[in-house]
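Below is one structure; the comments refer to it alone.
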Amino acid sequence: MEQAKNIFRATGRRKEAVARVTVTPEGSGRVVVNGRDYLSYFSTIDHKIQVKKPLVAAGLDGKADVSVNVNGGGTNGQAGAISLGISRCLVEWNPELRPALRKESLLTRDPRAKERKKYGRKGARRRFQWTKR
């Protein structure tokens, strides 16, 4: 995380997704994900809302520019990673936003990940089919 002339950077992670987020507080409200507008990048309304949630909670919707480079995982994990990255940038910019973002649980890293496959099993927990005869 570094700071240079009102540019704030942070990393957000969720499942296998990693998002490198850059926030410029004095901006026009553009959110760019991998060179595309977030509205065209994410197809579902839930993901679009999740990406904007930290800005809405901080009252910066339409006032801060966000640029994101995200890779790995699926769209759900990527949206969660972006949300966490934006939240961390906003706290770095203004520590007084921490309680508002914490209340919306936007600063909590979701630790849930896919469980590994075990030997002698079909998946992580599923057993092979048992035949009586």
Check your understanding: In segment 31-49, what count of residues is obtained for those that are part of a helix (DSSP H, G or I) and touching a strand residue (DSSP E or B) at 6+ places or on another chain (Cβ under 7 Å)?
Key -> 2
Check your understanding: Picking from 133, 116, 112, which residue would you name as being out of contact with any Gly (no Cβ under 8 Å at 6 or more places or on another chain), in a loop (DSSP other than H, G, I, E, B) and at pLDDT 95 or above?
Key -> 116
Review point. So which residues in segment 50-87 are touching a Leu at 6+ places or on another chain (Cβ under 9 Å), within 20 Å of residue 35 (Cβ to Cβ), among the small types (Gly, Ala, Ser) and in a helix (DSSP H, G or I)?
Key: 83
Check your understanding: Pairs under 8 Å by beta carbon, first residue within 13 Å of residue 59 (Cα to Cα) in segment 90-102, partner of a type in the set (Ser, Thr, Tyr), six or more apart or different chains?
Key -> 101/87
Point to revise | Total residues in segment 88-109, condition part of a loop (DSSP other than H, G, I, E, B) and hydrophobic (A, V, I, L, M, F, W, C) | key: 2
Review point. Taking residue 28, is it assigned to a loop (DSSP other than H, G, I, E, B), of a type outside the set (Lys, Arg) and farther than 18 Å from residue 10 by Cβ?
Key: yes
Review point. Can you tell me which residues in segment 39-53 are free of Cβ contacts under 8 Å to residues at least 40 places away in the same chain and within 13 Å of the chain's Cα centre (by Cα)?
Key: 42, 46, 47, 48, 49, 50, 51, 52
Exercise for review: Just give me the residues in segment 36-90 being aliphatic (A, V, I, L, M) and surrounded by fewer than 20 Cβ atoms within 10 Å (Cβ to Cβ), in sequence order.
Suggested key: 39, 45, 49, 56, 57
**Study point:** Leading residue by the ranking (surrounded by the fewest Cβ atoms within 10 Å (Cβ to Cβ)) among those in segment 9-35 that are in contact (Cβ under 8 Å) with a residue 40 or more places away in the chain and among the charged types (D, E, K, R)
**Key:** 16
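The values are calculated or read from the model by the stated rules, or taken from the named source; none is laboratory data. Predicted model, so just to flag it, every value in this text is computed and none were measured. Quick reminder, even Gly has a Cβ in these numbers, built from the backbone with ideal geometry, and neighbours come from all protein chains shown.
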